[in-house]
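Only one structure is covered here, and it is reproduced in the block below.
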């Protein structure tokens with residue numbers, strides 16, 4: 001009898017949980033759509049786009065900042081998927097020009113710049129809150145580590161070494177930083193030349209094969225710019 005009652009409760013609760021998750025997903029998608037359209041959002045705007053009442057927005061998000069963090073997390077999920085798809089070591093084949101590191105990195109640059117261009121307002125809104133919104137900050141750092149899970153094996157494959165190579169992680173982190181740098185409006189207009197793109201790709205190729213043990217230039221002491 002107790003077992004039957006527990007099973008009944010489970011079946012009653014499951015649809016509610018599923019519906020709640022679907023509603024939240026609609027709200028997150030609506031938040032992203034509102035930011036893409038206007039650069040900002042209100043609870044009323046998001047609720048209207050998601051076809052729910054404004055109270056439903058606050059049932060899922062304690063604040064506007066929480067909604068922004070959730071929208072940013074969904075956007076960064078797609079970035080990590082893009083990194084994993086384009087920088088899969090299985091794509092590499094040095095014997096084929098169309099699958100060597102330069103070609104693979106060129107396709108990655110194109111895809112990432114296109115993504116950043118489409119989601120430019122979402123990134124601008126979220127990164128503008130990075131210093132003051134703990135949720136945005138936490139998801140940004142968590143997704144960096146998720147991206148690293150793809151970058152480390154890719155770098156190791158390009159270098160022809162294993163993940164135990166002490167150079168791999170520093171180089172993968174540098175590639176992460178370089179990829180973040182592609183979120184630049186100068187690249188979004190379509191006016192950058194093939195020569196500039198070639199320089200970017202050549203720079204990334206040099207980066208993934210760099211020797212981090214090479215002594216760097218002396219670091220300038222912190223303080224005012226020289």
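Read the figures in this text as sums done on the coordinates, not as results from a lab. From a predicted model like this one, the values you see are computed outputs, not experimental measurements. Cβ coordinates were reconstructed from backbone atoms using ideal geometry, including for glycine residues, and neighbour counts include every protein chain displayed.
With each label modelled as a point 7 angstrom along the Cα→C-beta vector, the residue 142-residue 103 pair spans 3.8 nm.
Over all pairs of different C-alpha atoms, the stretch 64-212 has a mean inverse distance whose reciprocal, the Kirkwood radius, equals 16.0 Å.
With neighbours defined as other Cβ atoms within 10 Å of a residue's Cβ, the residues 207, 186 order from fewest to most as 186, 207. Here the translational diffusion coefficient of the stretch 160-206 follows from Stokes-Einstein with Rh set to the Kirkwood radius across Cα pairs; for 20 °C and 1.002 mPa s it amounts to 174 µm²/s.
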